[in-house]
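Quick notes on the structure that follows.
The values are calculated or read from the model by the stated rules, or taken from the named source; none is laboratory data. The structure displayed is predicted, hence computed values, not measured ones. Note: ideal-geometry Cβ built from the backbone for every residue, glycine included; neighbour counts use all protein chains shown.
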Amino acid sequence: MIQKKEGTLNIGILKEHLEVLERHLLILQVLQKNQPAGILKLSELTNYPYYMVRCSLLALEKEGLVEPTHKGTIVTADVKKIITLLTTELKEINKINKTINGLVKKIE
């Protein structure tokens, strides 16, 4: 029989990572349409608190997807390539999700 061991099925961590990814992507999308933009403007447009927008922008800058300018943050040329790669990966995850849903139906 399959037993749940401490920490082996930690769905909470996965949910947190997905929420952060969702926030990063929303901020990136809003920035693409409203660039250049500062943290306050992005906070207003996304309804995320200032500190969350700041953290996302730092992470996106570290990945080379945005860069600060004297007028505000802008997206880099790498954004389209990264979005394409991410879309491909998310489609693969969606396939896995369908398999998981099938398994859940079988065991319910």
Self-check item: Residues (under 17 Å from L85 (Cβ atoms) and assigned to a loop (DSSP other than H, G, I, E, B)) located in segment 20-70
Solution: E63, G64, L65
Quiz prompt | Residues of segment 42-58 satisfying the condition of being touching a helix residue (DSSP H, G or I) at 6+ places or on another chain (Cβ under 7 Å) and either within 11 Å of V30 (Cβ to Cβ) or at pLDDT below 95 (or both) | solution = L42, S43, L45, T46, Y48, V53, S56
Exercise. Might you check whether a residue that is surrounded by fewer than 10 Cβ atoms within 10 Å (Cβ to Cβ), of a type in the set (D, E) and not in a helix (DSSP H, G or I) occurs anywhere in segment 89-108?
Key: yes
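Pull up segment 1-30, narrow it to residues that are of a type in the set (A, V, I, L, M) and at pLDDT below 55, then point me to the one that is nearest to L58 (Cα to Cα).
Per the stated criteria, the residue is I2.
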Quiz item: Pick from L65, L31, L14, L57: which is within 17 Å of the chain's Cα centre (by Cα) and in contact (Cβ under 8 Å) with a residue 40 or more places away in the chain?
Solution: L31
Practice problem: Considering every residue within segment 73-81, establish whether at least one is assigned to a helix (DSSP H, G or I), surrounded by 12 or more Cβ atoms within 10 Å (Cβ to Cβ) and without any contact (Cβ under 8 Å) to a residue 12 or more places away in the chain. | Solution: no
